[in-house]
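What follows is a single structure, written as structure tokens, with notes after it.
A short reminder: the numbers here are calculations on the coordinates, not readings from a lab. Computed from a prediction, not measured in an experiment: that's the story for all the values here. Positions of Cβ are backbone-derived with ideal geometry, glycine not excepted, and every protein chain shown enters the neighbour counts.
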2 protein chains.
Amino acid sequence: MGGRSQIGITLLGLGVVGGGVARALLEKAESYSRRVGVPLVLRRILVRDPSRERSVQVDRSLITTDAEEALDADADIVVEVIGGEHPAREYIERALKQGRYVVTANKEVMAKHGPELLAEAGRAGVDILYEASVGGGIPIISPLKRDLSANEITSLRAIINGTTNYILTRMSAEEISFNVALRQAQDLGYAEPHPANDVEGHDAAYKLAILASLAFHTRVRPEDIYREGITRLEPRDFRYAAELGYAIKLLAIARRDPPPADAIQVRVHPALIAADELLAKVDGVLNAVQVEGDLIGRVLFQGAGAGPLPTTSAIMADVLDAARSIAQGSRPSPWRYTAAVAVKPMAELVSRYYLRVEVTDRPGVLAGIARCFGDNQVSIASVIQKETDEAAQTAEIVIMTHAAREAAVQAGIQQIESLEEVRHVGNVLRVED
Amino acid sequence: MGGRSQIGITLLGLGVVGGGVARALLEKAESYSRRVGVPLVLRRILVRDPSRERSVQVDRSLITTDAEEALDADADIVVEVIGGEHPAREYIERALKQGRYVVTANKEVMAKHGPELLAEAGRAGVDILYEASVGGGIPIISPLKRDLSANEITSLRAIINGTTNYILTRMSAEEISFNVALRQAQDLGYAEPHPANDVEGHDAAYKLAILASLAFHTRVRPEDIYREGITRLEPRDFRYAAELGYAIKLLAIARRDPPPADAIQVRVHPALIAADELLAKVDGVLNAVQVEGDLIGRVLFQGAGAGPLPTTSAIMADVLDAARSIAQGSRPSPWRYTAAVAVKPMAELVSRYYLRVEVTDRPGVLAGIARCFGDNQVSIASVIQKETDEAAQTAEIVIMTHAAREAAVQAGIQQIESLEEVRHVGNVLRVED
């Protein structure tokens, strides 16, 4: 494999990210060639619509709509930036089988099929690199694989969806509703017209599956992850949380319970987090990943979690790494999942909880709620009565529990909902300590 | 080189960090062996005083006081945690010449002799890895070498000395003097009895030389770096800065002026930084490095900058990386400095400045000061009169300038110092925008 005079690259996709990659390859050709030792050359670019205007000027003879032709071109590295599960997965598999390195930004494919693709890469003597699949340009895959590899990772907590973090930041700062904040995000291009993938936490769950699999050397599937979106949050949740000293963030959390339990929790949900924690201060479209290990303690990685340029930074870092390996004739060792670790059922989670309940403003209502929790061994840490509406004779009560099992809290809430004085339970949020 | 059945390691030094490394190698042997593919085995440990109590139990037959014996042992990797320039540098050089990988935490040796040692490693077909030399366990060397390698780095701003950051944090929070805060830091073991290396910025300058060399692919020597310590700061500087919306941090700054200038600035000094910037919120012994690149924008790495466990995390990441290379028979490619970039003289720096001047409280004094700056083309952005002492007829004036050349500001200050009404110029600090 050594002694190449150039490294050929096939690019699958020429959208915003693909355009960024093509532009970097063209405009930075000289500096990349110096860093790798040999030039990187674009061999083929697969597009859907060849007539579309592009932000980058590429040699039209490189462009093809024929996937077979693109994949069979004489390339050492295939960069996949089409996105979505199909046909990206099939293209990647084929490229690996042909003995080509693959660099991908595809979180869905890596979350669902990462282990099979890594094994395929191993069989073919190549590698599949996917730094851009999580956190845009923020280095996090490579630090987990290399820089933190001497640690047993105990937890990973992340803000890895910029869309939802932007919405939550606006809701908190301006006391506006979810729908108004979503519209702002859509107007700015931060949210899709159909935002479910982001606001329901699917995107964060894919990314968490990738990170947790690396952190714990085991396979975590997207369906293993408990997932709750941000659509039920109301402006007053942010206000009450702030009064109690917390921010509300959509957190992706992976945590390993120490032996003898030795199970992992993996969950994506909005959570109260103490206002003085670093993650509480990560605002707008920024992303951040905090990793805790037995040696390193806590370390935080923060930066732009999306956008064509940051994503290009991550993709090209992988491309340059692969190119150096190819140019040197090194034998790569794709990541291996060495452990089988059980995923702890959500019902067994132990957490503190924030609860907002609308009640009829009448003596004894609080005693009734306390009894429902008491019956389930959930103890209350604090209660604040809020927003009394004298005309409607209603009040809102905000409760913080002590640490309790999720199953017990849910059972308590069911009982509370059946109380005559309770209009409805407005929101239940976990507190991330 | 391939097909090793184990990887032998020689450890030079068994102090706090060396003890941490030895302990990790012993206690985590099984998990490290799984991650590398073959076991890592401690072959020899060089110590000065074999009778000293150690926090870690090692086989006494491994311990030697004979450097020759330790270096000539049959090891694949030599881990140097002695510190200081000599004899560490000679040991490292010898190990490389013998074809062994070297992992070091030695910032002084890497700052002064890094390029020669990297070249030596290249000639011997091995590598020298030094993640632990900057920022304790925080991954920063490897991200600069790999994850950010597709970028042209435009700036790097860092808090990379935990001792001084602890002192500044205490001075700011408690309005105590430098000496009192230093004593607190010494009592807690955060500062040495002879603290000059930290408080005068030497330690930060070594680390900045290492980071800037990587960021700009050029050789930056410690003596190229402008350096100013924190001993002249007074509690009121923090108070005035806070009133103006700033924190004061000892920053290590490397910045590349775009072409046609194409020169770099490298400097370590206390600076005012806007209170809402991420770096302004990095408190206590934490370290943080913010890197800005043309693709990635700003990315921040934050964590514990010192301590035996975080440092062990970084050292062992390098050891595992080297071990994997050796086990696979890969040919490493030590980092190369490909560019020659000029260092911009400090006199040409353009910055805003904060200035505190004690004056005789008399009409016309401000006009005099303004004239001194005006004569040198330095324009004043704001003036606040502080701390009038009616009995002594003195007042303190705090001035913020607009962006101006360092040479012009220094010339202005010289003129100001010669004014009759000026008792003395209390402090001059740069503002980091």
Relative intensity, log₁₀ I(q)/I(0), of the range B:150-247 from a Debye sum that treats every alpha carbon as a point, q = 0.10, 0.12, 0.17, 0.23 Å⁻¹: -0.33, -0.47, -0.82, -1.13
Residue order, fewest to most surrounding Cβ atoms within 10 angstrom, among B:Leu25, A:Leu250, A:Leu129: B:Leu25, A:Leu250, A:Leu129
In sequence order, calculated HN-Hα J values of the range B:44-54 (Karplus, 6.51, -1.76, 1.60; Hz; x Gly/Pro): 7, 10, 8, 10, 8, 10, x, 8, 5, 5, 10
Fewest-first sequence of B:Leu148, A:Leu355 by Cβ atoms within 10 Å of each Cβ: A:Leu355, B:Leu148
Axis-proximal residue, chain B, for the rotation superposing B on A (Cβ, Å): B:Ser330, 2
Distance violations [Cα-Cα > 30 Å] among A:Lys28/A:Lys107; A:Lys112/A:Lys344; A:Lys28/A:Lys281; B:Lys145/B:Lys344; A:Lys112/A:Lys145; A:Lys112/B:Lys281: A:Lys28/A:Lys281; A:Lys112/B:Lys281
Cα long-axis angle, helix A:406-417 against chain A (0 to 90 degrees, to the nearest 10): 50 degrees
Inverse mean reciprocal Cα-Cα distance (Kirkwood Rh) of the range A:141-304, Å: 16.2 Å
At 1.002 mPa s and 20 °C, Stokes diffusion of the protein assembly as shown via Kirkwood alpha-carbon radius, µm² per second: 73 µm²/s
Ascending list, in nanometres, of distances separating the B:Glu69 label from those of the other copies (7 Å, Cα toward Cβ): 7.2
Debye intensity ratio I(q)/I(0), log10, the range B:259-307, q values 0.20 Å⁻¹ (C-alpha model): -0.93
Convex hull volume of chain B per residue (C-alpha atoms, cubic angstrom): 146 Å³
Ranked A:Val383, B:Val79, criterion: other C-beta atoms within 10 Å, fewest first: A:Val383, B:Val79
Copy-to-copy label separations for B:Arg123, where each label sits 7 Å from Cα toward Cβ, in nm and ascending: 4.6
For the protein assembly as shown, calculated [θ]222 nm from helices alone, where every DSSP H run of n ≥ 4 adds -39500 (n - 2.57): -10500 deg cm²/dmol
Protection proxy ranking of A:35-43, A:333-341, B:166-174 - average other beta-carbon atoms within 10 Å, highest first: B:166-174, A:35-43, A:333-341
Rounded D (µm²/s) - the range A:39-90, Kirkwood Rh over Cα pairs, Stokes-Einstein at 20 °C, 1.002 mPa s: 176 µm²/s
Per-residue average of Cβ from other chains inside 10 Å of A:286-295: 4
Whole-number percent relative contact order across chain B, with pairs defined as alpha carbons under 8 Å at least 6 apart: 17 percent
Value of relative contact order over the range B:349-432, rounded to a whole percent, pairs C-alpha under 8 Å and six or more apart: 50 percent
Peptide B:304-315, shielding by other chains (average Cβ, 10 Å cutoff): 4
Phi-based couplings in Hz for the range A:124-133 (Karplus 6.51, -1.76, 1.60; Gly and Pro marked x): 8, x, 10, 9, 10, 10, 8, 3, 6, 6
Residue among A:Val359, A:Val21, A:Val268 with the largest mean-square fluctuation in a Gaussian network model of chain A, springs linking Cα atoms under 10 Å: A:Val359
Kirkwood hydrodynamic radius of the range A:210-319, Cα pairs, Å: 16.1 Å
For the range A:347-432, alpha-carbon Rg relative to the globular expectation (2.2 N^0.38 Å, N residues): 1.02
Largest-first ellipsoid semi-axes for the range A:177-220, taking √(5λ) over the Cα gyration tensor eigenvalues, angstrom: 29, 8, 8
Average partner coverage of A:28-37, which counts Cβ from other chains inside 10 Å: 3
Teacher prompt: A:Glu174 distances to equivalent labels in other copies, 7 Å Cα→Cβ, nm: 4.3
Estimated vicinal HN-Hα couplings, Hz - the range B:276-288 in sequence order (Karplus 6.51, -1.76, 1.60; Gly, Pro = x): 8, 6, 4, 5, 5, 9, 7, 10, x, 7, 4, 10, 8
Computed magnitude of the charge dipole of the range B:349-432 (debye, nearest 20; Cβ of K, R +1, Cβ of D, E -1): 340 debye
